[in-house]
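Data first, discussion second: the structure below is written as structure tokens.
What follows is calculated from the coordinates using simple rules that are stated; it is not laboratory data. Predicted model, so just to flag it, every value in this text is computed and none were measured. We place every Cβ from the backbone using ideal geometry, glycine too, and count neighbours over all the protein chains shown.
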Amino acid sequence: MATNGSGNEAVLSEILLTLKRMQLDHAALSANVESLSSRVETQSALSSLRGGNHRSSIRDSPSLDPMELGKSSSSPPSDSPLKAPSSPTVRRQSTTSRIILTTYPGQSGIDPIPLSWGEADPAKRGPVIVSRQQGTIRRRNAIGAHGGSYSIYNALAVASANLDLEHKPDFTNTEPAANIGPFPSWGSAKKIVAMDPFGHLAPWLYKDLMTRENVDVRPTIAVTKAHMKIPELEESVRAGRLKPDGKICLNEQGELAVTKFAVEPVWYLPGVAERFGIDEASLRRALFEYTGGSYPELITRNDVKVFLPPIGGLTVYCFGDPAKMSDPNVKLALRVHDECNGSDVFGSDICTCRPYLIFGIEEAVKEAQNGGSGVVIYFRKEGRALGEVTKYLVYNARKRGQDKASEYFQRTENIAGVKDMRFQALMPDILHWLGITKIDRMLSMSNMKHDAIVEQGIEIKERIPIPEEMIPEDSRVEIDAKIHAGYFTTGKVLSMDELGAVQGRACKCFPPSAHGLHAKVPDANVLVRGRH
Ligand SMILES: [Zn+2]
């Protein structure tokens, strides 16, 4: 949308240039790795002669080099048990294989299993395949790795020989604990672009293919049922706001029955680009460059359209019968909540996050008890997706300044360069997946969330702000600044002058700012000795 022909050409020629450079780099790297490998092999031979068992449980990763492919072995996976990280001795990470820096379309041996995003029939759509197991690596039709942000721990487990790359998951009894869909949205390449609509059924839908072609297909969604206990909801029962019904609110302790859906991100790149109004090439290039060149296939494999990014996913908490979420004839109360570890888990009072989350859960439960449906969706987008380090820097800047509501967003922007990186454009995918076509009571004041949902054709009938009495005193700065910036309220929108008068708690426990820190030697010593 926001592109033109000449811009596209420039990007394309830039990509071609990068590609050529990478081919040269690949050749140089291969040569380096080969010389390194031969040295490692000698070491290994020596150590086994001495009786040391340094054989790693990791299989050789097969070479995708056109010259090597014909010769690559297809021996069955090792059945050696997992090794505990018992000794600090350096283990070998792999034996003879070359590092596969990247692959190219049409490269000999590259044979992706067809994946047709937006097909309603899962057999025609095809599975998302990203595994690097021996039988699968040539058949990959997606870039990245399973597990979202945890893919890095997976790599660490492989590197440290705690995980056999050829491990085959045993999915016995892991099927979804509740049925969902299929909905028409599952067959739309435009409505769902940030998750796999068949992700909860993948190993069962594609069982034949897995057996027949020995490919590794994994779920990206899991569905379970649980009970949950939150102190505030026990208080709600005591205060008479919430009444136990034995089904949703189980007892006087406010114990809740819930169905939970965990979802890992799976991005269909053309669809993601379209949501942001950019072209696919620009998106691919930015994802490649600003992750330190982590995923070269974003550049070299234009034929592969799906990317599993290393970011956090989301969890759906559904109260009442999950089938009612998509029922247009009953009321739906819904909160979309973005992670705030400090408040959600640890009760920090600088923001309204936990109180709003609790309010959302309570209202969701009440709606379900009234015969409707209640849903809370929790996104791992800590600190407006800027992360906790940036968030705490902003807190310090606010607390050491005057912490005025009028300067709230400016402080974030000064440090991070943006006010917010949550970009709600991809958020409504989960609503489409759940079959939600309208929201009766939206338990959120965020205009960004509201607009993203409405833009996706999902009607929001009523917006419910957090009740005044649930707002902690020190979080007035945050909530008043947000309301001034356009957050929904049924109350008063403060003027800029009035915002200047809204101030957070001055915290005497704060050490002086950086200048003072250097001037005050005792404080610096405390920091250095790490006693604080
Ligand atoms: Zn918060």
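Observations, loosely collected:
- For segment 190-321, fraction of C-alpha pairs farther apart than 19 Å, in %: 65 percent
- Each of 390, 224, 172, 412 was scored by other Cβ atoms within 10 Å of its Cβ. Listed from fewest to most, they are 172, 224, 390, 412.
- Taking 200, 167 and counting other C-beta atoms within 10 Å, the order from fewest to most: 167, 200
- Each peptide in 395-401, 302-308 receives the mean, over its residues, of other Cβ atoms within 10 Å, and ordering these scores from highest gives 302-308, 395-401.
- Peptides 111-123, 177-189 ranked from most to least packed give 177-189, 111-123, packing being the mean of other C-beta atoms within 10 angstrom over each peptide's residues.
- One decimal place: the segment residue 232-residue 168 gains 18.8 nm when fully extended, by the rule 0.36 nm per residue minus the C-alpha distance.
- Number of Lys pairs (Cα under 14 Å; 8 or more positions apart or on different chains) in segment 332-437: 4
- Counted residue by residue at 0.36 nm each, then reduced by the alpha carbon distance between them, the extension gain from residue 414 to residue 245 reaches 55.9 nm.
- Sorted fewest first by neighbouring Cβ atoms within 10 angstrom, 196, 327, 344, 208 come out as 208, 327, 344, 196.
- R0 of 30 Å, Cβ-Cβ distance residue 153-residue 214: FRET efficiency to nearest 0.05: 0.70
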